[in-house]
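*Asks:* Structure below; questions to follow.
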Amino acid sequence: MLLENFRPQSKLVTKTTLVEKPRFPAFDAHNHLGEDFGGGWDKKPLAQLLDLLDEAGIVRYVDLDGGWGEHILDAHLDHFKQPAPDRFLVFGGVDWSKWPELGDAFPEWAARRLRVQKERGAEGLKIWKGFGLHVKDQHGRLVDVDDPRLVPLWETAGELGLPVVIHVADPVAFFDPIDETNERWEELGQHPDWAFTSPPFPPFLHILEGLRRLVKRHPRTTFIGAHVGCYAENLAWVGEMLDDCPNYFVDISARIGELGRQPYTARRFFLQYADRILFGSDMGPYPEAYRVIYRFLETDDEYFNYNAAPIPMQGRWYAYGIFLPDDVLRKVYFENAARIFATDGHR
C-alpha cells in the first residue's frame with residue numbers, strides 16, 4: 001500500500017460538539033472574495049454571499065482581494081462595499097512589479113498609490129507573501145522585509161490609519177529540505193511551488209526577524225501578522241514580538257492545524273494575548289469551514305480534523321479544542337477587530 005492511500009480511522013471514542021454559529025457575532029479579519037483566492041464572489045450575486053455569512057454568524061468580513069490594481073479595488077468596492085457598507089471592508093495592495101521599472105522612485109510612488117486607494121475607499125493594506133520571497137528591486141536583488149527604502153509606504157499607512165495585514169512567510173516546513181523528515185512532505189509533493197527551501201530562498205528566521213524590525217521601526221503604524229504572525233509553530237516567539245511591539249496584532253486564519261495540535265500552549269497564548277488576536281478564516285465565506293474554527297475556540301473536543309475536508313490537508317495530525325472563556329471569545333471574535341478598524345464606535 002502506498003502511503004498516499006493510508007487512511008487510518010481512529011478508534012478513540014471522543015465527544016463531538018457541533019457549533020453551528022459562534023458564541024458571539026464574528027468579525028472575519030482575514031478572508032478573500034476574488035477569483036483566485038476567494039471563490040470568485042465578485043462575479044456572483046451578493047445576496048447569495050450574505051446568506052452564507054448570515055448562516056455562519058459573520059457580521060463583518062475583510063476582503064483582502066482589492067489590491068490587484070485600482071480597477072480591481074473599484075470593482076470590489078462597487079460589488080461588496082457599496083450595497084452593504086456595514087458588512088464589508090476592502091483592502092488595497094502594492095504593485096511590486098513596478099519596482100524594476102520605477103527604480104528609486106518606487107517607494108514614493110507606492111505611497112502615493114496607497115493614498116489614492118484610501119480616497120477610493122480602501123480600509124487597509126494587504127501585503128502578500130511574495131514580499132520577502134520574490135519581490136526584487138531595479139537591480140534584480142531580492143528586497144528584504146525591513147528594507148529602509150520602503151519607509152514612505154509604511155509611514156503613509158500609519159498616517160492614513162490603514163492597518164497593514166502582512167504575510168511574509170509560510171509554514172516553517174516549507175523552508176526545510178523536502179525529505180523524509182519534512183512533516184509537510186505530502187503537501188509539498190502536491191504543491192511543489194509552495195516550497196521555499198533555503199537556499200535559494202532566504203532562511204525562514206531571516207524573514208521573520210526582518211518583520212520584527214519593520215514593525216518596531218514604525219510604531220505609529222498598525223500591523224497585523226497574518227496566520228498567527230507567520231509562525232504558529234512557535235507561539236513563544238510570536239508572544240515575544242507582541243510584547244516588543246504594541247502596534248502589532250495577529251490573526252488566526254488558516255492555522256487551526258498548527259494551533260490545534262498544541263492546545264495547552266495555544267490556550268495560554270490566547271489568554272495572555274486576548275487583546276491582540278483577531279479571528280479570521282482565509283477559507284472563503286463557507287459555514288463548514290467556519291464551524292471547525294468555532295469548535296476549536298469554544299469546545300474541549302479532542303482529536304478532530306482541523307479542516308472541513310474528509311482528511312487533514314496540512315499534515316497527519318489532528319486538533320484539540322481550547323474552550324476559551326466568554327470574555328476572551330468576545331475579544332477574539334469581534335472586539336479586537338472592531339477596535340482596530342474603528343467600527344461600531346470602537347477606537
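The values are calculated or read from the model by the stated rules, or taken from the named source; none is laboratory data. Everything quoted here is computed from the prediction, not taken from an experiment. Every residue, glycine among them, receives a Cβ derived from its backbone with ideal geometry; neighbour counts consider all protein chains shown.
*Asks:* Report yes if some residue within region 284-301 is surrounded by fewer than 23 Cβ atoms within 10 Å (Cβ to Cβ) and under 29 Å from K216 (Cβ atoms); otherwise report no. Steps first, answer last, please.
*Replies:* Our first condition is that a residue be surrounded by fewer than 23 Cβ atoms within 10 Å (Cβ to Cβ); within region 284-301, this holds for 284, 286-289, 291-292, 295, 298-301.
Now drop any that are not under 29 Å from K216 (Cβ atoms), which leaves none.
No, the conditions are met nowhere in region 284-301.
*Asks:* Also, quick follow-up: Under the condition of being surrounded by fewer than 21 Cβ atoms within 10 Å (Cβ to Cβ) and of a type in the set (A, V, I, L, M), which residue from region 254-283 is nearest to the chain's Cα centre (by Cα)?
*Replies:* Top of the filtered list is A274.
*Asks:* Inspect region 64-71 for any residue being under 23 Å from the mean Cα position of the chain (by Cα), surrounded by 16 or more Cβ atoms within 10 Å (Cβ to Cβ) and either farther than 19 Å from Q117 by Cβ or not assigned by TED's automatic domain parsing to the domain that holds I277 (or both) and give the result as yes or no. Steps first, please.
*Replies:* We begin by selecting, within region 64-71, every residue under 23 Å from the mean Cα position of the chain (by Cα); these are 64-70.
This time we only want the ones that are surrounded by 16 or more Cβ atoms within 10 Å (Cβ to Cβ), so: 64-68, 70.
Filter once more, keeping what is either farther than 19 Å from Q117 by Cβ or not assigned by TED's automatic domain parsing to the domain that holds I277 (or both): none.
No, region 64-71 contains no residue that is under 23 Å from the mean Cα position of the chain (by Cα), surrounded by 16 or more Cβ atoms within 10 Å (Cβ to Cβ) and either farther than 19 Å from Q117 by Cβ or not assigned by TED's automatic domain parsing to the domain that holds I277 (or both).
*Asks:* What number of residues within region 189-225 are without any contact (Cβ under 8 Å) to a residue 40 or more places away in the chain, of a type outside the set (G, A, S) and either under 23 Å from I340 (Cα atoms) or not in a helix (DSSP H, G or I) (or both)?
*Replies:* 9
*Asks:* In region 302-338, what count of residues is obtained for those that are under 22 Å from the mean Cα position of the chain (by Cα), surrounded by fewer than 18 Cβ atoms within 10 Å (Cβ to Cβ) and part of a helix (DSSP H, G or I)?
*Replies:* The qualifying residues number 1.
*Asks:* Quick one: count up the residues across region 129-185 that are surrounded by 21 or more Cβ atoms within 10 Å (Cβ to Cβ) and among the polar types (S, T, N, Q).
*Replies:* Adding up the residues that qualify gives 1.
*Asks:* For L114, indicate whether it is farther than 19 Å from G66 by Cα, touching a residue at least 40 places away in the same chain (Cβ under 8 Å), of a type outside the set (S, T, Y) and not assigned by TED's automatic domain parsing to the domain that holds L33. I'd like the intermediate steps shown before the answer.
*Replies:* On the way: farther than 19 Å from G66 by Cα: no; touching a residue at least 40 places away in the same chain (Cβ under 8 Å): yes; of a type outside the set (S, T, Y): yes; not assigned by TED's automatic domain parsing to the domain that holds L33: yes.
So L114 does not fit the description; no.
*Asks:* Follow-up. Being small (G, A, S) and in a helix (DSSP H, G or I) narrows it down to one of A84, A122, A111, so name that one.
*Replies:* Numbers: A84 fails: in a helix (DSSP H, G or I); A122 fails: in a helix (DSSP H, G or I).
Exactly one residue qualifies, and that residue is A111.
*Asks:* Now for a separate question. Answer yes or no as to whether E159 is part of a loop (DSSP other than H, G, I, E, B) and acidic (D, E). Outline the logic, then answer.
*Replies:* Values: part of a loop (DSSP other than H, G, I, E, B): no; acidic (D, E): yes.
No; evaluated as a whole, the condition is false for this residue.
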